[in-house]
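The values are calculated or read from the model by the stated rules, or taken from the named source; none is laboratory data. All figures in this text were calculated on a predicted structure; none of them were measured in a lab. With ideal geometry, Cβ positions are generated from the backbone for all residues, glycine too; neighbour counts draw on all protein chains shown. Each accessible area value is taken on the protein alone, full model and side chains, heavy atoms only, with ligands, DNA and RNA left out. Shrake-Rupley method; radii C 1.70, N 1.55, O 1.52, S 1.80 Å.
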Amino acid sequence: MSGSDRRPIAARGTRPAQAVAGWLIRRGASADGISIAGMLCALAAGLCLAGVWLAPSAARPLWLLAALLVQLRLAANLLDGMVAIGRGIASPRGELFNEVPDRVSDTAILVGLGLAAGGDWALGLGASLAAMATAYARAVGRAAGAPSDFRGPMAKQHRMALVTAIALWCGLTPAGWVGALPRWALIAIILLATLTALRRLLGAARALEAR
């Protein structure tokens, strides 16, 4: 993936990220393997969130574990590209390992959050479809010749930051303070991710018309 097609992530320039990436590079870690590991973390996060609904007595630790796993998913998303470039093994196939696990990851986490919000899997599925629409709009624009567009609101990092914040709140505060927050978070993701998809499509159209 070229530099212009990479999601701009400020954390790439931080010392901890560079140190971990350097450690992985020295050990010959597989960038594709890191992508798959991130997807597995997301699947586990989704199961933890579903467990909040299925086993409410264990809700508090499950919320906290889900928050950790979501962040590990994001860490893998950060490191796979750094390792691929650092090892000089970036390839067109890497695009598949960037995109497909991301769609699986978003779906697992957001459907899981829907279940955590009282078993509302349909709301979670709606949020995952809205998230998928943002990626689809970016991919269609790029395929047509427009630059990759990672703008938000509710780009991947925004969605996962919101899910993490909700999970931490639900895991650390009294049960009576949770209320409908997970449900409202999913509604916000649906509305804002849909807006993001439209913005990306309009941006791609403008870029193509200006050529």
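Given the rule -39500 (n - 2.57) for each run of at least 4 DSSP H residues, summed and divided by the residues of the chain, what is its mean residue ellipticity at 222 nm, to the nearest 500 deg cm²/dmol?
On the way: 7 runs with 157 residues, N = 211.
Counting only the DSSP helices, I get -26000 deg cm²/dmol.
Where the accessible area of the chain is counted over protein heavy atoms with a 1.4 Å probe, how much of it, in %, is carbon and sulfur? Mind dumping the intermediate values first?
Details: 7280 of 10250 Å².
Looking at the chain in its full context, I get 71 percent from C and S.
Using mean Cβ contacts within 10 Å as the protection proxy, how do 194-201, 40-47 order, highest first? Could you put the intermediate results ahead of the total?
Numbers: 194-201: 19.1, 40-47: 22.6.
Per-residue mean Cβ counts within 10 Å order the peptides as 40-47, 194-201.
The label point for A207 and the one for R60, both projected 7 Å from the Cα toward the Cβ, are 4.8 nm apart.
Are there any helices in the chain, counted as whole DSSP H runs, that stretch 18 Å or more along their axis by Cα and score at least -0.5 on average by Kyte-Doolittle, and if so which?
Numbers: long enough: 31-54 (34 Å, 1.80); 59-86 (40 Å, 1.32); 93-116 (35 Å, 0.33); 121-143 (32 Å, 0.86); 156-172 (24 Å, 0.75); 181-209 (41 Å, 1.19).
Answer set is 31-54, 59-86, 93-116, 121-143, 156-172, 181-209.
Dipole check for the chain: with +1 at the C-beta of Lys and Arg, -1 at the C-beta of Asp and Glu, and the Cα centre as origin, the magnitude is about 500 Debye.
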